[in-house]
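Asker: First the structure, then my questions, so here it is.
The values are calculated or read from the model by the stated rules, or taken from the named source; none is laboratory data. Note that the structure is predicted; figures quoted are calculated from it, not measured. Using ideal geometry, Cβ is built from the backbone for each residue, glycine included, and neighbour counts are taken over all protein chains shown.
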Amino acid sequence: MKKELAKTYNPKEFEDRIYKEWCDKGYFAPDPDKSKPAFSVVIPPPNVTGQLHMGHALDETLQDILVRSKRMQGFSTLWVPGTDHAGIATQIKVEENLRVNEGLTRYDLGREAFLERVWDWKNKFGSRIISQLKKLGTSCDWSRERFTMDEGCSKAVREVFVNLYEKGLIYRGHRIINWCPNCRTALSDAEVEYSEQAGHFWHIRYPVKDSDAFLTIATTRPETLLGDTAVAVHPEDERYKDLVGKMLILPLVGREIPIVADEYVEKDFGTGCVKITPAHDPNDFEVGKRHSLPVIRVMNDDATINAEGGKYQGLTREEARRAIVEDLEKGGFLVKVEDYSHNVGTCYRCKTNVEPLTSDQWFVKMEPLAKPALEVVKNGTVKFEPERFSKTYINWMENVHDWCISRQLWWGHRIPAFYCDACGEMTVSKTDLTACPKCGAPLRQEEDVLDTWFSSALWPFSTMGWPDDTEDLRRYYPTSVLVTGYDIIFFWVARMIFSAMEHTGKEPFSTVFIHGLVRDAQGRKMSKSLGNGIDPLEIIEEYGADALRFALASGNSPGNDMRFSPEKIEAARNFANKLWNASRFVLMNMEEDTPYGLPDVSLLATEDKWILSRFNKLVKEVRLALDGFELGVALSAVYDFSWDVFCDWYIELTKSRLYDKGSESGKVAVRVLGYVLVETLKLLHPYMPFITEEIYQAMPHDEESIMISAFPVASDALDFPVEEAEMEKVLDAIRAIRARRAEMNVLPSRRTKLFIITESVDTFRNAEGFFMKLAGASEVLLPDTYEEEGAVSIVTSAATVYIPLADMIDLDKEKERLAKELEKTEGEILRIEKKLSNEGFVAKAPAAVVEGEKAKLAKYRETEAKLREELKKLENI
RNA sequence: GGAGGCAUAGCUCAGUUGGUUAGAGCACUUGCUUCACAUGCAAGGGGUCAUAGGUUCGAGUCCUAUUGUCUCCACCA
């Protein structure tokens, strides 16, 4: 059924409409046909209250390309969408909102009322990110949309927690952890970001008890002096050997602390003496354990000094530092201050300096879990693409510490541990308990919630119904590919792998397809604070989702960052426009009843066979690239074919036939045009789903939607090597003539006779129209020889073409040009001859390569002979 | 301190297991109101593929070192 296309490409007119049609038709749901192989993907769930940014756009685009191409290749594809509750991020937003609008804190509201606010917020904004994903054209099965805090995922979380607890892999402990004083919660190691900060190195004198001697320590954090319980020196440090075991008087505090010997100290760094503050430094904590030192925590949860700090109580960390340095100076304890720049841990959410401190937290014991997770990557069951990221993963997993999973937040999965104040028992349970199983007294549930990543770690199987034995799990789990950025390999990918291994006994996915970051045109990370973020929705609004997707997919190589620039998106839009207009042209030349599909081979012209043969090559190329996750390579192949081969050549080649109204040959041409265009659209559909669907619907086609049509398969029936080669001879000649005319400034309007001397007479005779249309010919003659003077000669390997342009010819220049060309050709001949006379090459190179070189040599020799002949002629004049 | 990426045209980047004369987009030059498209057409200029070695019949591609640059991990107080 022939439809009209609007005169200009305007994606706004059809993108939303088409998306709705796909949804209504149910195309996004996996095909229930059991005979089809399964291909499944789970979306990296965006933050439920987040806004779509370029990172999402890239991630979703890549996934959609994979999913759509697999669907067209006959897989039963399932793409599970959903969102993450994003504990800290969401809670911060709601608290901020509460503070700004009502001047309240979460404590003013209380836990229950505050959580109601968060749920309201979630319900208000949770659909926003989903609708933004839809604008991109993502083909997720929305009927399976999940949320990390929905009933099913919560059930999975409890199941996992209790299982791990019962196996002894989750424990509660008083440990030193990373604390964010702003978010007022513990953080895992992965949630700490280090940043270089300018600071000072304070050298402080600690007097030795009952002596005039003293030790000088150097520290970047003088305020933690309040919690010092020792000073450590290296056991082999001659300077301090005799002092080990003696006591020091802690300045300002007056506490007696021992001098201990520990290998942790570097003799050559600082003064060789380290103050030990077990409560506020992870290394000191370890030293403290080895020497059974007391642990004195001197800060509150908001990083102000607590009662242990004596007169400094109530001061912030920064205030305390200033006050203490001042007092040290007054007391004569301060030796010197140096400028010092060092790495400080900050909170990945709010960038506040992390305060290491001791507290009661829940941990996952990592060692037993890491083992199978390492194995499965090392033995290739889980493959990283590109492969190098498996190193990053293995390195991290081999050195992983226990995972602190408790967060002092309210928004999240509350830890299912129940305390009995009557008998002191703690019970961990999959279901909520009200009475103590031991003594029957009322219970109190743990206040802490779980790290957000604890639930996302279960995403590949919790979304498919685990722990129940569901049909989805049986059919689609393990999933096929996980697509994500390298920045969350530790947060998420690693944790999914060990969780899946532990709880399902299977890897969560077979391939991890890693992409880089989308940066701005200057190569900077897009960020809110810089204000350099490009809003994908604005791009879609202005250029269309297809253009955005194209811009993100083209030139993007796996694992590498990319820059996003206005030029790129314009180039993408221009390509869409080109396709649109090429399609309009094809449609214009179609009849109401032009059918889909190729006419009989016997009816095909040489150029038809040429384009089919070229298309067939393209199909092979695209499929190979897609199979290897080379999405950018596949796209550029389709781009080049569409623009250069199909539009710039094939369409132009068919014009004379098309303008011969009603001719059989014109009808054949239009069917080939339609066929190649539609099949090319299919190759392109995974990348640009909307425009390809819109055009597909307008053209004669084979399926209800391009989405469910079959991805092209290379076929021997479309291979026409002979015609392809013949056609290339003609195209070579046309290109050469055009170049020559342009060089001589022959106006396009000036048409001339062409005399073509060639052995492929039939080929060139059949191509007469092409020379008229594309090479400025008024008449094409194919004599056996051409001897007249005053003609430009153009030499290609297959033909010598003469253009009588007596008035424009400069004989000397002609000679010079021919001589130059001859020189170049001879150079090439020499190079190939050398190669072919190399015994190693002939013996070791593949036969096809050797044959290729021989063919090339033959071609150059033909050209050389013709050039010599021409030169001789000119010299005789 | 450890690991890794990148270095190819003026700019931004492709280049799949080594195999035509190294490509594209943008920018630049010249010409074109050719009846699909000026978001276009045609022609053109521009690269010793960071440097030095090595492996190979053959290296932009593999190996080693060097330089520059970016990132991640570790954290010496």
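Asker: Within the stretch A:730-739, count every residue that is buried (at least 19 other Cβ atoms within 10 Å of the Cβ) and either part of a loop (DSSP other than H, G, I, E, B) or not β-branched (Val, Ile, Thr) (or both). Break it down stepwise before answering.
Answerer: The initial filter retains those residues of the stretch A:730-739 that are buried (at least 19 other Cβ atoms within 10 Å of the Cβ), namely A:730, A:733-734, A:737.
Filter again for either part of a loop (DSSP other than H, G, I, E, B) or not β-branched (Val, Ile, Thr) (or both), leaving A:733.
Adding up the residues that qualify gives 1.
Asker: In the stretch A:38-63, what residues are more than 13 Å from the chain's Cα centre (by Cα), surrounded by fewer than 24 Cβ atoms within 10 Å (Cβ to Cβ) and not in a loop (DSSP other than H, G, I, E, B)?
Answerer: The answer is A:38, A:39, A:47.
Asker: Could you check the stretch A:598-668 for helices (runs of 4 or more DSSP H) lying wholly inside it with 2 or more residues that are under 21 Å from residue A:711 (Cβ atoms) and near RNA strand B (Cβ under 8 Å from one of its atoms)?
Answerer: On the way: elements: A:606-627, A:631-640, A:652-659.
So the answer is A:606-627, A:631-640.
Asker: Within the stretch A:417-454, count every residue that is touching a residue at least 60 places away in the same chain (Cβ under 8 Å) and surrounded by 18 or more Cβ atoms within 10 Å (Cβ to Cβ).
Answerer: The qualifying residues number 9.
Asker: So which of A:407, A:414, A:349 is crowded, with 16+ Cβ neighbours inside 10 Å, within 23 Å of residue A:189 (Cα to Cα) and at pLDDT below 90?
Answerer: Going through A:407, A:414, A:349 in turn, the sole match is A:349.
Asker: Among the residues of the stretch A:95-142, write down those that are closer than 24 Å to residue A:46 by Cα, part of a helix (DSSP H, G or I) and charged (D, E, K, R). Let's see the steps before the verdict.
Answerer: Taking the stretch A:95-142 and keeping what is closer than 24 Å to residue A:46 by Cα, we get A:95-98, A:114-142.
Still in the list and also part of a helix (DSSP H, G or I): A:95-98, A:114-135, A:142.
Listed by number, the residues that qualify are A:95, A:96, A:116, A:117, A:120, A:122, A:124, A:128, A:134, A:135.
Asker: Do we find that residue A:356 is in contact (Cβ under 8 Å) with a residue 40 or more places away in the chain and either within 25 Å of the chain's Cα centre (by Cα) or within 16 Å of RNA strand B (Cβ to nearest atom) (or both) in this structure?
Answerer: It is true that residue A:356 is in contact (Cβ under 8 Å) with a residue 40 or more places away in the chain and either within 25 Å of the chain's Cα centre (by Cα) or within 16 Å of RNA strand B (Cβ to nearest atom) (or both).
Asker: In the stretch A:548-565, which residues are near RNA strand B (Cβ under 9 Å from one of its atoms) and part of a helix (DSSP H, G or I)? Walk me through it before giving the result.
Answerer: To start, the set of residues in the stretch A:548-565 that are near RNA strand B (Cβ under 9 Å from one of its atoms) comprises A:554-565.
Correct list: empty.
Asker: Suppose the filter is surrounded by fewer than 16 Cβ atoms within 10 Å (Cβ to Cβ), out of contact with any strand residue (DSSP E or B) (no Cβ under 8 Å at 6 or more places or on another chain) and within 23 Å of residue A:172 (Cβ to Cβ); does residue A:329 pass it?
Answerer: On the way: surrounded by fewer than 16 Cβ atoms within 10 Å (Cβ to Cβ): yes; out of contact with any strand residue (DSSP E or B) (no Cβ under 8 Å at 6 or more places or on another chain): yes; within 23 Å of residue A:172 (Cβ to Cβ): no.
It is false that residue A:329 is surrounded by fewer than 16 Cβ atoms within 10 Å (Cβ to Cβ), out of contact with any strand residue (DSSP E or B) (no Cβ under 8 Å at 6 or more places or on another chain) and within 23 Å of residue A:172 (Cβ to Cβ).
Asker: So, of the residues in the stretch A:498-516 that are crowded, with 18+ Cβ neighbours inside 10 Å and under 19 Å from residue A:60 (Cβ atoms), which turns out to be farthest from RNA strand B (Cβ to nearest atom)?
Answerer: Filtering first and then ranking leaves A:509.
Asker: Are any residues in the stretch A:529-546 in a loop (DSSP other than H, G, I, E, B) and in contact with a Pro (Cβ under 7 Å, 6 or more places away or on another chain), and if so, which ones?
Answerer: At the first step, the residues of the stretch A:529-546 found to be in a loop (DSSP other than H, G, I, E, B) are A:529-535, A:544.
Result: A:544, single match.
Asker: Examine the stretch A:787-797 for a residue that is among the β-branched types (Val, Ile, Thr), surrounded by 12 or more Cβ atoms within 10 Å (Cβ to Cβ), more than 8 Å from RNA strand B (Cβ to nearest atom) and part of a helix (DSSP H, G or I), and state whether such a residue exists.
Answerer: As a first pass, look at the stretch A:787-797 and keep what is among the β-branched types (Val, Ile, Thr): A:792, A:794-796.
Applying the additional criterion that residues be surrounded by 12 or more Cβ atoms within 10 Å (Cβ to Cβ) yields A:792, A:794-796.
If we keep only those that are more than 8 Å from RNA strand B (Cβ to nearest atom) too, we end up with A:792, A:794-796.
Remaining after also requiring part of a helix (DSSP H, G or I): none.
No: zero hits.
Asker: Scan A:377, A:400 and give me the residue that is modelled with pLDDT of 90 or more, in a loop (DSSP other than H, G, I, E, B) and either out of contact with any His (no Cβ under 9 Å at 6 or more places or on another chain) or surrounded by fewer than 21 Cβ atoms within 10 Å (Cβ to Cβ) (or both).
Answerer: Working: A:377 fails: in a loop (DSSP other than H, G, I, E, B).
So the residue among A:377, A:400 that is modelled with pLDDT of 90 or more, in a loop (DSSP other than H, G, I, E, B) and either out of contact with any His (no Cβ under 9 Å at 6 or more places or on another chain) or surrounded by fewer than 21 Cβ atoms within 10 Å (Cβ to Cβ) (or both) is A:400.
Asker: Further question: Does residue A:673 satisfy being out of contact with any Pro (no Cβ under 7 Å at 6 or more places or on another chain), within 13 Å of RNA strand B (Cβ to nearest atom) and under 22 Å from residue A:734 (Cα atoms)?
Answerer: On the way: out of contact with any Pro (no Cβ under 7 Å at 6 or more places or on another chain): yes; within 13 Å of RNA strand B (Cβ to nearest atom): yes; under 22 Å from residue A:734 (Cα atoms): yes.
So residue A:673 passes the test.
Asker: Residue by residue through the stretch A:410-426, note down the ones that are in a strand (DSSP E or B) and either within 39 Å of the chain's Cα centre (by Cα) or among the charged types (D, E, K, R) (or both). I'd like the intermediate steps shown before the answer.
Answerer: Initially, the stretch A:410-426 is screened for residues in a strand (DSSP E or B), giving A:414, A:417-420, A:426.
Result: A:414, A:417.
Asker: Quick test for you: out of A:833, A:853, A:828, A:821, pick the one residue that is surrounded by 14 or more Cβ atoms within 10 Å (Cβ to Cβ), near RNA strand B (Cβ under 7 Å from one of its atoms) and among the acidic types (Asp, Glu). Before the answer, list the steps.
Answerer: Details: A:833 fails: near RNA strand B (Cβ under 7 Å from one of its atoms); A:853 fails: near RNA strand B (Cβ under 7 Å from one of its atoms); A:821 fails: near RNA strand B (Cβ under 7 Å from one of its atoms).
Of the residues listed, the single one that is surrounded by 14 or more Cβ atoms within 10 Å (Cβ to Cβ), near RNA strand B (Cβ under 7 Å from one of its atoms) and among the acidic types (Asp, Glu) is A:828.
Asker: Kindly list, by first and then second residue, each pair from a residue in the stretch A:215-231 that is closer than 15 Å to residue A:323 by Cα and in a helix (DSSP H, G or I) to a residue that is of a type in the set (Val, Ile, Thr) and away from RNA strand B (no atom under 11 Å from the Cβ), limited to pairs with Cβ atoms under 6 Å and residues at least 6 apart or on different chains.
Answerer: Final answer for the pair search is A:222/A:324; A:222/A:325; A:223/A:324; A:226/A:298.
Asker: I would also like to ask the following. Taking only the stretch A:750-780 into account, find how many residues are surrounded by fewer than 20 Cβ atoms within 10 Å (Cβ to Cβ), within 16 Å of RNA strand B (Cβ to nearest atom) and not hydroxyl-bearing (Ser, Thr, Tyr).
Answerer: Result for the stretch A:750-780: 5.
Asker: Run residue A:692 past the list (1) at pLDDT 95 or above; (2) polar (S, T, N, Q); (3) more than 22 Å from residue A:13 (Cβ to Cβ) and report the number of the one that doesn't hold.
Answerer: Failed condition: (3).
Asker: Taking the condition of being of a type in the set (Lys, Arg) and under 14 Å from residue A:294 (Cβ atoms), how many residues in the stretch A:239-261 meet it? First the steps, then the outcome.
Answerer: Residues of the stretch A:239-261 that are of a type in the set (Lys, Arg), as a first pass: A:239, A:241, A:246, A:255.
Narrowing further to those that are under 14 Å from residue A:294 (Cβ atoms): A:255.
Residues in the stretch A:239-261 being of a type in the set (Lys, Arg) and under 14 Å from residue A:294 (Cβ atoms): 1 in total.
Asker: Within the stretch A:18-56, can you find the residues that are basic (Lys, Arg) and either touching a residue at least 12 places away in the same chain (Cβ under 8 Å) or in contact with a helix residue (DSSP H, G or I) (Cβ under 9 Å, 6 or more places away or on another chain) (or both)?
Answerer: Going through the stretch A:18-56, the residues basic (Lys, Arg) turn out to be A:20, A:25, A:34, A:36.
Within the stretch A:18-56, A:25, A:34, A:36 qualify.
Asker: Spot the failing condition for residue A:801; the list is (1) surrounded by 14 or more Cβ atoms within 10 Å (Cβ to Cβ); (2) part of a helix (DSSP H, G or I), and only one is missed.
Answerer: With respect to (1) surrounded by 14 or more Cβ atoms within 10 Å (Cβ to Cβ); (2) part of a helix (DSSP H, G or I), residue A:801 is out only on (2).
Asker: Can you find a residue that is surrounded by fewer than 22 Cβ atoms within 10 Å (Cβ to Cβ), over 21 Å from residue A:144 (Cβ atoms) and out of contact with any His (no Cβ under 9 Å at 6 or more places or on another chain) anywhere in the stretch A:459-479? Let's see the steps before the verdict.
Answerer: First, the residues of the stretch A:459-479 that are surrounded by fewer than 22 Cβ atoms within 10 Å (Cβ to Cβ): A:465, A:467-475, A:478.
Now narrow it down to the ones that are over 21 Å from residue A:144 (Cβ atoms): none.
No, the stretch A:459-479 contains no residue that is surrounded by fewer than 22 Cβ atoms within 10 Å (Cβ to Cβ), over 21 Å from residue A:144 (Cβ atoms) and out of contact with any His (no Cβ under 9 Å at 6 or more places or on another chain).
Asker: Same structure, new question: Does the stretch A:238-258 contain any residue that is within 14 Å of RNA strand B (Cβ to nearest atom), part of a strand (DSSP E or B) and buried (at least 22 other Cβ atoms within 10 Å of the Cβ)? Full working, then the answer.
Answerer: Here is the first cut: in the stretch A:238-258, the ones within 14 Å of RNA strand B (Cβ to nearest atom) are A:239-240.
From what is left, the residues that are part of a strand (DSSP E or B) are none.
No, there is no match, as no residue in the stretch A:238-258 is within 14 Å of RNA strand B (Cβ to nearest atom), part of a strand (DSSP E or B) and buried (at least 22 other Cβ atoms within 10 Å of the Cβ).
Asker: Which is among the small types (Gly, Ala, Ser) and more than 30 Å from residue A:78 (Cβ to Cβ), of A:705, A:749, A:715, A:709?
Answerer: Values: A:705 fails: more than 30 Å from residue A:78 (Cβ to Cβ); A:715 fails: more than 30 Å from residue A:78 (Cβ to Cβ); A:709 fails: more than 30 Å from residue A:78 (Cβ to Cβ).
Just a single option satisfies the conditions, and that option is A:749.
Asker: Let me ask another. Take the residues of the stretch A:740-749 that are surrounded by fewer than 17 Cβ atoms within 10 Å (Cβ to Cβ) and part of a helix (DSSP H, G or I): which is modelled with the lowest pLDDT?
Answerer: So, considering only residues that are surrounded by fewer than 17 Cβ atoms within 10 Å (Cβ to Cβ) and part of a helix (DSSP H, G or I), the one modelled with the lowest pLDDT is A:743.
Asker: Those residues that are small (Gly, Ala, Ser), at pLDDT 90 or above and more than 22 Å from residue A:297 (Cα to Cα), I need them from the stretch A:187-237; list them, please.
Answerer: Within the stretch A:187-237, A:190 is the sole residue that qualifies.
Asker: Run down A:190, A:156 and say which single residue is small (Gly, Ala, Ser), within 16 Å of RNA strand B (Cβ to nearest atom) and not in a strand (DSSP E or B). Before the answer, list the steps.
Answerer: Details: A:156 fails: within 16 Å of RNA strand B (Cβ to nearest atom).
Only one candidate qualifies: A:190.
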